[in-house]
Amino acid sequence: MKKSIFTGVVALTLVLSGCGAKMDHSNMNHEGNNTAIPQAGEMSHGENHGGGDTTAKDDNLKVTWKLTAEKPQSNQNDDLTIQVQDKDGKPVQDFEIQHEKLMHLIIVSKDLSYFEHIHPEYKGNGLFTITTKFPNGGDYKLYADFVPKGGEKSVKEHVVTVEGAAPHVAALNPDTDKPKAIENKEVTLSFDKLKAGEELTINFNIKNETTKQPISNLQPYLGAVGHVVIISEDTGLYLHVHPMDEKATGPDAKFMTTFPKSGTYKIWGQFQHEGKVFTVPFTVKVP
Ligand SMILES: [Cu+2]
């Protein structure tokens, strides 16, 4: 039964504003291998604002995920390997650097309470590796975000079921109306409009929590003012969003995206200040 939550989700191909993203759905089994499920739907919009991507085609990529442990346990280190092949099974050799890295790996728990953004090491021959651990029992969704050289941005998904005690799962409650306090920052989220299917601007305003003074010396994180990841409540949609002005330093950091359909989404903004990266989560209901 554990698998049912993710296997019912429809796979989508997305083109996000300025940074096209594709995703397919992969199905976890306890042997650590997986089978890709064919893409079941496609969405796109034609707008492009500087990301260089224009259209989405089937990327014909095959990704094989493996964990050293057959049955991963909570809070234990596991080596994860991600093998990228073309449709003929040949390893993809070269990848484009995007935001300073060859691959971005996002890991979330299925209730979206846990979020991790890490960067697997490239070993050559299409093979990426990283050691990671999952904090609790339960299902996790992994999203590998990369661009094969000369190709298009691709997001491949995988589900891992972790053995061990699972915490109480809290429902996602929209909370974008209140500022969030984190690491002595007060972060306020706002939108120019909030409507599914339309390109919109998300603004993070960052202040010092104690003094309430705007913070205007944010440091680049992964080559930009910040990094934002958006995932739908059912984990079926992954929106990797990038800044409108990469060189901004605060107190405002603006990002563009399109929510493909109405519903509840979780948004994580990641910024760097005084040498330290902080992550601020918000939950938004998109009409
Ligand atoms: Cu990354």
### Task
Could you tell me whether ILE97 is within 16 Å of the ligand (Cβ to nearest atom), open to solvent by 10 Å² or more (accessible area, probe 1.4 Å), of a type in the set (A, V, I, L, M, F, W, C) and over 30 Å from THR264 (Cβ atoms)?
yes
### Message
I'm trying to understand the selection: among the residues of region 114-131, which are part of a loop (DSSP other than H, G, I, E, B) and either more than 16 Å from the ligand (Cβ to nearest atom) or touching a helix residue (DSSP H, G or I) at 6+ places or on another chain (Cβ under 6 Å) (or both)?
### Response
TYR114, ASN125, GLY126
### Selection within region 104-128 - of a type in the set (Ser, Thr, Tyr) and crowded, with 16+ Cβ neighbours inside 10 Å
SER109, SER113, TYR122
### Subset tally (residues that are modelled with pLDDT under 95 and either closer than 22 Å to ASN77 by Cα or surrounded by 22 or more Cβ atoms within 10 Å (Cβ to Cβ) (or both)) for region 165-193
3
### Query
When region 162-197 is examined, which residues are found to be closer than 30 Å to LYS101 by Cα and assigned to a strand (DSSP E or B)?
VAL162, LYS180, ALA181, ILE182, LYS185, GLU186, VAL187, THR188, LEU189, SER190, PHE191
### Task
State all residues of region 233-267 that are open to solvent by less than 10 Å² (accessible area, probe 1.4 Å) and more than 13 Å from PRO220 (Cβ to Cβ); if no residue qualifies, say none.
THR235, GLY236, LEU237, TYR238, LEU239, HIS240, VAL241, PHE255, THR257, PHE259, TYR265, ILE267
### Query
Restricting attention to region 219-231, which residues are open to solvent by 10 Å² or more (accessible area, probe 1.4 Å) and either more than 22 Å from LYS156 (Cα to Cα) or among the hydroxyl-bearing types (Ser, Thr, Tyr) (or both)?
GLN219, PRO220, TYR221, GLY223
### Query
Out of region 141-156, which residues are without any contact (Cβ under 8 Å) to a residue 60 or more places away in the chain and away from the ligand (no atom under 16 Å from the Cβ)?
LYS149, GLY150
### Query
For ILE107, are the conditions met, namely being under 16 Å from VAL162 (Cα atoms), within 16 Å of the ligand (Cβ to nearest atom) and either part of a strand (DSSP E or B) or not assigned by TED's automatic domain parsing to the domain that holds THR235 (or both)?
yes
### Given (1) within 23 Å of GLY89 (Cβ to Cβ); (2) under 18 Å from the mean Cα position of the chain (by Cα), number of the condition ILE118 does not satisfy
(1)
### Message
For region 150-162, check the following and say yes or no: at least one residue is out of contact with any strand residue (DSSP E or B) (no Cβ under 6 Å at 6 or more places or on another chain), assigned by TED's automatic domain parsing to the domain that holds GLN76 and surrounded by fewer than 19 Cβ atoms within 10 Å (Cβ to Cβ).
### Response
yes
### Task
All but one of (1) under 25 Å from HIS242 (Cβ atoms); (2) assigned to a strand (DSSP E or B); (3) more than 16 Å from the ligand (Cβ to nearest atom) hold for VAL159, so report the exception by its number.
(1)
### Message
Can you tell me which residue is nearest to PRO220 (Cα to Cα) among those in region 80-94 that are open to solvent by 70 Å² or more (accessible area, probe 1.4 Å) and not basic (Lys, Arg)?
### Response
ASP94
### Query
Among LEU237, LEU222, which is in contact with a His (Cβ under 6 Å, 6 or more places away or on another chain), in contact (Cβ under 8 Å) with a residue 60 or more places away in the chain and outside the structural domain of TYR140 (by TED's automatic domain parsing)?
LEU222
### Query
Of (1) in a strand (DSSP E or B); (2) away from the ligand (no atom under 16 Å from the Cβ), PHE134 satisfies all except one. Which?
(1)
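The values are calculated or read from the model by the stated rules, or taken from the named source; none is laboratory data. Not measured: the values here are computed from a predicted model. We place every Cβ from the backbone using ideal geometry, glycine too, and count neighbours over all the protein chains shown. With ligands, DNA and RNA removed, areas are computed over all heavy atoms of the protein, side chains included. Shrake-Rupley method; radii C 1.70, N 1.55, O 1.52, S 1.80 Å.
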